[in-house]
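Here the structure is laid out as structure tokens; the discussion comes afterwards.
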Amino acid sequence: MPQSQEHAISVSNLVKTYDGRKMAVDDITFSVKKGEIYGLLGKNGAGKTTTIKILTTLIPPTSGNVEVLGHDPVKAPVYIKKHVGVVQQEESFDFATVETNMKIYATLWQIPREEAKARTEELLELFELTEVRKTRAFELSGGQKKKLQVARELLHDMDILFLDEPTVGMDPIMRRRILDNIRKRAQNGMTVLFTTHFLEEADYICDRIAIMSKGKIKVEGTSSELKNTYG
């Protein structure tokens, strides 16, 4: 099967440097099959966020080849943006309330009104945001803000979901609830690229894991393979 048909994401010899000297991403190669949950595991500064920003068209690579859904993010950014969801580390809120944030996202993704309303109620309940639905987003706690970021993105359908440390600041029960929801969606065909520095999260949710350090992928494999090889 041609790679573009089998894989949702293909990365070959990807390099990114911001200053021409230090490599934020240093010649990495990996691929993610359609419907797979692929984890990038590593400490802060390992290059995980930079990799996601390249794949989601936010920044260009310095060199290398990248395909997302068979398209180059530099050459086809509009196509890719229409087919992916992204939860970034950085906050992206305005003065709107939780409820209005959801309505804005539903409008942007052109979700029919009744469907948007039903999805919003389901997600607010799932993420325990019902009681703060009239609260302005910037007044929420850190964990509540992150929950809202994830909930907004899950409003719409997508082929690939990019999650950059989506559970930071959440309690263990909510973290598990979100991971279970993501895994259920992957079982229905959605591809997930998931970054984390929590070993237990990667072990729980990811089909395969790549461990990054200083811009490089050091090892890659299933959780069982990595445990058996490295302990």
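The values are calculated or read from the model by the stated rules, or taken from the named source; none is laboratory data. Since we're looking at a predicted model, the values are computed, not measured. Positions of Cβ are generated from backbone atoms using ideal geometry, with glycine treated the same way; all protein chains shown enter the neighbour counts. Heads up: the accessible areas ignore ligands, DNA and RNA and are worked out on the full protein's heavy atoms, side chains in. Shrake-Rupley method; radii C 1.70, N 1.55, O 1.52, S 1.80 Å.
The criterion of being of a type in the set (A, V, I, L, M, F, W, C), over 26 Å from PHE198 (Cα atoms) and either part of a strand (DSSP E or B) or open to solvent by less than 20 Å² (accessible area, probe 1.4 Å) (or both) does not hold for VAL11. Restricting attention to the stretch 50-107, the residues that are under 20 Å from LEU155 (Cβ atoms), polar (S, T, N, Q) and either assigned to a helix (DSSP H, G or I) or free of Cβ contacts under 8 Å to residues at least 24 places away in the same chain (or both) total 3. Does LYS146 qualify as being open to solvent by 10 Å² or more (accessible area, probe 1.4 Å) and outside any helix (DSSP H, G or I)? So LYS146 fails the test. All told, GLY42 falls short of being within 25 Å of LYS184 (Cβ to Cβ) and open to solvent by less than 70 Å² (accessible area, probe 1.4 Å). Each residue in the stretch 8-21 was checked for being modelled with pLDDT under 95 and over 17 Å from PRO60 (Cβ atoms), and 1 of them qualify. Anything in the stretch 96-120 that is touching a helix residue (DSSP H, G or I) at 6+ places or on another chain (Cβ under 7 Å) and among the aromatic types (Phe, Trp, Tyr)? List them, or say none. The one that is touching a helix residue (DSSP H, G or I) at 6+ places or on another chain (Cβ under 7 Å) and among the aromatic types (Phe, Trp, Tyr): TYR105. Filtering the stretch 89-98 to residues that are under 17 Å from TRP109 (Cβ atoms) and within 18 Å of the chain's Cα centre (by Cα) leaves only SER92. Under the condition of being open to solvent by 10 Å² or more (accessible area, probe 1.4 Å), assigned to a helix (DSSP H, G or I) and aliphatic (A, V, I, L, M), the residues counted in the stretch 117-143 number 3. Each residue in the stretch 104-116 was checked for being under 23 Å from ARG177 (Cα atoms) and either aliphatic (A, V, I, L, M) or surrounded by 13 or more Cβ atoms within 10 Å (Cβ to Cβ) (or both), and 3 of them qualify. Considering the stretch 163-218, and only residues there that are crowded, with 19+ Cβ neighbours inside 10 Å and among the hydroxyl-bearing types (Ser, Thr, Tyr), the residue that is farthest from LEU41 (Cα to Cα) turns out to be THR191. Of the residues making up the stretch 21-39, those that are farther than 25 Å from ARG183 by Cα and either part of a loop (DSSP other than H, G, I, E, B) or open to solvent by less than 30 Å² (accessible area, probe 1.4 Å) (or both) number 5.
The set of residues in the stretch 64-98 being within 16 Å of SER12 (Cα to Cα), of a type outside the set (Gly, Ala, Ser) and either in contact with a Ser or Thr (Cβ under 6 Å, 6 or more places away or on another chain) or open to solvent by less than 70 Å² (accessible area, probe 1.4 Å) (or both) consists of ASN65, VAL66, GLU67, VAL68, LEU69, HIS71, ASP72, PRO73.
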